[in-house]
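Encoded as structure tokens, the structure appears first; notes follow it.
FYI, it's all coordinate maths here, none of it is from the lab. Keep in mind that this is a model prediction, so the values were computed, not measured. With ideal geometry, Cβ positions are generated from the backbone for all residues, glycine too; neighbour counts draw on all protein chains shown.
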Amino acid sequence: MSLIEMDHIHKRFGSLEVLKDCTMHVEEGEVVSIIGPSGSGKSTFLRCLCNLEIIDGGTIIVGGDVMTRQPQGVNRSIYAPSSQVHKICLRMGMCFQHFNLFPHMTVLDNILEAPRVVQGKKTEEIMPIAEALLKKVGLWDKCNVYPSRLSGGQKQRVAIARALAMNPDIMLFDEPTSALDPELTGEVLRTIKQLADDNMTMIIVTHEMAFAKEVSKRILFMAEGIIEEEGTPEQIFEHPKSARTKNFLKSML
Ligand code: ADP
Ligand code: MG
């Protein structure tokens, strides 16, 4: 059994069919990157996994726990009770393109907030963890600063530390460097690489092809709501099979 099993996922927005029977399994400790043109459904697929979108059909099982499944003969996906879905989602940390830090809180309070509110932990209890995480992303010296005083790269590293403070087993990244000036992407990619080296299970939607190649065990190419092709970085980047994959990769050069 894989850590993450998403089988036959269907998702519509009104009459627009955004995910058409998408299946992805991710093993513990594996890093999978999802690439593909804008509008192909990459964000939606990731958002379905962490319950930010409700799926219309298919099965999602994380660590053996059923989040939602579609029994045979039923024309929709049936979710587990919300407490079970919540418990599953707590295993996942998510980082978005636009950081979404709390602007009215210092860097340190951004890190402490969720463990305090969601996990009911005391500040003293999480302080050492927050300190270690901010040191890990190289921003302990900024702990009392407000997000508006940080560069985009620093904001994203705080967002990563904030997600890690909930001690997730799985990290999801949706174009974590797309909003950054080119000179700031390196520091964020290095932070994500560190997590990969620590064997964190990760799914990364990215346009950074060189990075995807370096860090991923497997690459999924999505186009128009389907997973068009998947394979090792070598298979996808050196020997793509489908014409759509080839064209996309050419357009990224
Ligand atoms: P990607 O991340 O690959 O760029 P998305 O998953 O964001 O693609 O979007 C896939 C398609 O779904 C696009 O056509 C987009 O406009 C549409 N879409 C995404 N979110 C919504 C929404 N909340 N309501 C309606 N359409 C949406
Ligand atoms: Mg997207």
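Values for this structure:
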| quantity | calculated |
| --- | --- |
| Some residue of region 192-205 being of a type outside the set (A, V, I, L, M), farther than 17 Å from VAL137 by Cβ and touching a strand residue (DSSP E or B) at 6+ places or on another chain (Cβ under 8 Å) | yes |
| Qualifying residue in region 122-141 (condition: hydrophobic (A, V, I, L, M, F, W, C) and either within 16 Å of ligand 2 (Cβ to nearest atom) or part of a strand (DSSP E or B) (or both)) | no |
| Failed item, numbered, when SER77 is tested on (1) surrounded by 18 or more Cβ atoms within 10 Å (Cβ to Cβ); (2) within 14 Å of ligand 1 (Cβ to nearest atom) | (2) |
| Within region 17-96, strands (runs of 3 or more DSSP E) holding 1 or more residues that are within 17 Å of the chain's Cα centre (by Cα) and small (Gly, Ala, Ser) | 31-35, 92-95 |
| Qualifying residue in region 168-177 (condition: within 16 Å of ligand 1 (Cβ to nearest atom), farther than 26 Å from GLU5 by Cα and surrounded by fewer than 22 Cβ atoms within 10 Å (Cβ to Cβ)) | no |
| Scope region 19-40; condition within 21 Å of ASN75 (Cβ to Cβ) and crowded, with 17+ Cβ neighbours inside 10 Å; matching residues | LEU19, CYS22 |
| Any chance PRO176 is touching a residue at least 40 places away in the same chain (Cβ under 8 Å) and touching a strand residue (DSSP E or B) at 6+ places or on another chain (Cβ under 8 Å) | yes |
| Residues located in region 197-248, provided they are more than 16 Å from ligand 1 (Cβ to nearest atom), farther than 25 Å from ILE170 by Cβ, touching a residue at least 12 places away in the same chain (Cβ under 8 Å) and surrounded by fewer than 18 Cβ atoms within 10 Å (Cβ to Cβ) | LYS241, SER242 |
